[in-house]
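S.K.: Structure in structure tokens, see below.
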Amino acid sequence: MIPRPITIIGGRLVLAEGEPRPGAIRLVDGHIVALGDIAPEPDDAIIDAAGKLVTPGLVDLGVFAVDKPAFHFGGITRAALMPDQAPPLDHPARIRFAAQSGKPDMWVHPLAAATRGLEGREMAELALMREAGALAVATGRHWIGDSGVMLRLLSYCAMLGLMVVTHAEDEGVIGPAVATAGEMATRLGLPSAPAEAEALAVARDIALAELTGAHVHFRQVTTARALDLVRAAKVRGIRVTAGVTPAHFMLSDLELADFRTFSRMSPPLRQDADRLAVVDAIADGTIDVIASGHDPRGPEDKRLPFVDAEPGMAGAETLLPLTLTLVRDGRIDLARAFDLLAGAPARLLGVDAGVLRVGAEADIAIVDAERPWVVSSEKMAASAGNTPFDRRPVQGRVTALFKGGTRID
């Protein structure tokens, strides 16, 4: 059944550049057909945005679970699924199954496992997984420590035209660490590793990206030294991009006090100087993507001693409001915020979404950017509420969401 055309009126359109501008947007057959100073057609369903923002649906680059209620709450209409599943996404049939897992009201873009079983040794069937629907390749939660394997992987992916999403921590340096080396880790007696473990991994992968011409996307870059390396690589024209999650621009390792396992992350929370460097890198364009890193973990994974707890946070519901704090602080504007959350990840994945433009897919959110609410781990729509932002007041809420021109209830 073809959905009825929709015209959203009375909103402020968040476009690729500039300030939001008043206007309307018309959705027909799953696509945007007109926007700006337009009027509804006679048979259109009319929705009044009442002065709220009309934005692209968010494209979340790098989630660990398909959690539709949480995605819809957060305004996410597409998500790139990491290959760390059970079993891993290292086979074409698993890629095809994952790609269908959210439709029709959520599109999942599975990332192919770089190596068989994500073990970092033998390349998986990347070409076959690309044919099955994989839009990129990922190393999963771990860094590939064997430089020969990584060289072959990047060479092959350059030939296939596939971006490689990599985790940036030298595991020979971090070992069993659960925190960043520094005063907080020392006080708590936690096994820790120097922040330079990230820069070492980034430096190696930048060198191999330059050698092979492959596109490397660092899913999270969280330290000043590693960000300097990414910044310099971009200047030299190397095909590297970088992402981060809100935890690493909002929080520091001070959150580990009292052994709060909801603050157990991978990579771990950094010292405040690195947090501030992340904010600067978002502002100056070094960081391309802000993603949720959505990784819901139940009590069996989190109500444990800190060193035994699993890393990760439920981030889909807080992705938008936490990013909007950067707008309120004057570090970025709304156009840049939604490029980080939607436009850039869509471009990296090669999907025609993430932007309000005639011809693009009609994945649309209506956002009340000023609406206050309080994050509650007990009331989250996610399958588990493991958020370090529990009880934090935030602003910004999605009030309506459309996938392919159809409203999601």
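What follows draws every value from the coordinates through simple rules; no lab data is involved. Nothing here was measured: the structure is a model prediction, and the numbers come from that model. Every residue, glycine among them, receives a Cβ derived from its backbone with ideal geometry; neighbour counts consider all protein chains shown.
S.K.: Would you order Asp60, Asp90, Asp48, Asp258 from fewest to most other beta-carbon atoms within 10 Å of each residue's own beta-carbon?
M.R.: By the 10 Å Cβ count, ascending: Asp258, Asp48, Asp90, Asp60.
S.K.: For the chain, take the longest principal axis of its alpha carbons; what is the angle in degrees between that and the long axis of helix 147-160, to the nearest 10 within 0 to 90?
M.R.: For 147-160 against the chain, the angle is about 20 degrees.
S.K.: Apply 1/(1 + (r/R0)^6) to the Cβ-Cβ distance of Leu128 and Ala86, taking R0 = 22 Å, and write down the FRET efficiency to the nearest 0.05. Can you show the working numbers first?
M.R.: Numbers: r = 21 Å, r/R0 = 0.94.
That pair, Leu128 with Ala86, gives E of 0.60.
S.K.: Report relative contact order for the chain in percent, whole number only (criteria: Cα-Cα under 8 Å, sequence separation at least 6). Walk me through the intermediate numbers first.
M.R.: On the way: 1004 pairs, mean separation 78.1, N = 409.
Computed value for the chain: 19 percent relative contact order.
S.K.: State the Cα centre-to-centre distance between region 236-311 and region 149-204 in whole Å.
M.R.: Taking the Cα centre of region 149-204 as reference, the centre of region 236-311 is 13 Å away.
S.K.: Also: Taking the Cα-to-Cβ direction at Thr186 and at Glu171 and moving 7 Å from each Cα, how far apart do the two end points lie in nm?
M.R.: Modelled inter-label distance: 3.0 nm.
S.K.: Further question: Using only the Cα atoms, work out Rg/Rh for region 326-388, with Rh taken as the Kirkwood radius, to two decimals. Don't skip to the end; give the middle numbers.
M.R.: Working: Rg = 14.9 Å, Rh = 14.3 Å.
Radius of gyration over Kirkwood radius for region 326-388 works out to 1.04.
S.K.: Full extension from Ala39 to Arg21: what is 0.36 nm times the residue separation minus their Cα-Cα distance, to one decimal in nm? Kindly include the intermediate steps, with their values, before the conclusion.
M.R.: Numbers: separation 18, 0.36 × 18 = 6.48 nm, distance 1.56 nm.
4.9 nm is the gain from fully extending Ala39 to Arg21.
S.K.: In addition: Per the helix-only calculation at 222 nm, which mean residue ellipticity applies to the chain, given -39500 (n - 2.57) for every DSSP H run of n ≥ 4 and division by its residues, nearest 500 deg cm²/dmol? Can you show the working numbers first?
M.R.: Numbers: 14 runs with 119 residues, N = 409.
My calculation for the chain gives -8000 deg cm²/dmol from helical runs alone.
S.K.: Continuing with this model, one more query. Under the rule a/c < 1.5 gives rounded, and otherwise a/b versus b/c splits prolate from oblate, where does region 213-362 land using the Cα gyration tensor? Please list the in-between numbers first.
M.R.: Working: a/c = 1.77, a/b = 1.45, b/c = 1.22.
Taking the square roots of the gyration eigenvalues as a ≥ b ≥ c, region 213-362 is prolate.
S.K.: Say R0 is 35 Å: what FRET efficiency, to the nearest 0.05, do Met159 and Arg357 get from their beta-carbon distance? Can you show the working numbers first?
M.R.: Numbers: r = 31 Å, r/R0 = 0.88.
Given R0 = 35 Å and the Cβ-Cβ separation, E is 0.70.
S.K.: Another question, then. Considering lysine pairs in the chain that are 8 or more places apart or on different chains, how many have Cα atoms under 30 Å apart?
M.R.: 12
S.K.: A further question on this structure: For region 355-385, which GluC sites (Glu not before Pro) are both in a DSSP coil and crowded by at most 12 other Cβ atoms within 10 Å?
M.R.: Numbers: sites: Glu361, Glu370, Glu378; in loops: Glu378.
Here the sparse-neighbourhood loop sites are Glu378.
S.K.: Where a ≥ b ≥ c are the square roots of the eigenvalues of the C-alpha gyration tensor, would you call region 78-181 rounded, which needs a/c under 1.5, or, failing that, prolate if a/b is larger than b/c, or oblate?
M.R.: Details: a/c = 2.21, a/b = 1.43, b/c = 1.55.
Here region 78-181 falls in the oblate category.
S.K.: Taking every pair of distinct Cα atoms and averaging 1/r, then inverting, what Kirkwood hydrodynamic radius in Å comes out for region 40-79? Display every interim value, and only then the final one.
M.R.: On the way: mean 1/r = 0.0802 Å⁻¹.
Computed over Cα pairs of region 40-79, the Kirkwood hydrodynamic radius comes out at 12.5 Å.
S.K.: Taking neighbour Cβ counts within 10 Å as the exposure measure, how do Lys103, Lys52, Lys68 sort from fewest upward?
M.R.: Numbers: Lys103 11, Lys52 23, Lys68 18.
Ascending number of Cβ neighbours within 10 Å: Lys103, Lys68, Lys52.
S.K.: Given all pairs of different Cα atoms, what value in angstroms does the Kirkwood hydrodynamic radius of the chain take? Don't skip to the end; give the middle numbers.
M.R.: On the way: mean 1/r = 0.0467 Å⁻¹.
Answer for the chain: a Kirkwood hydrodynamic radius of 21.4 Å.
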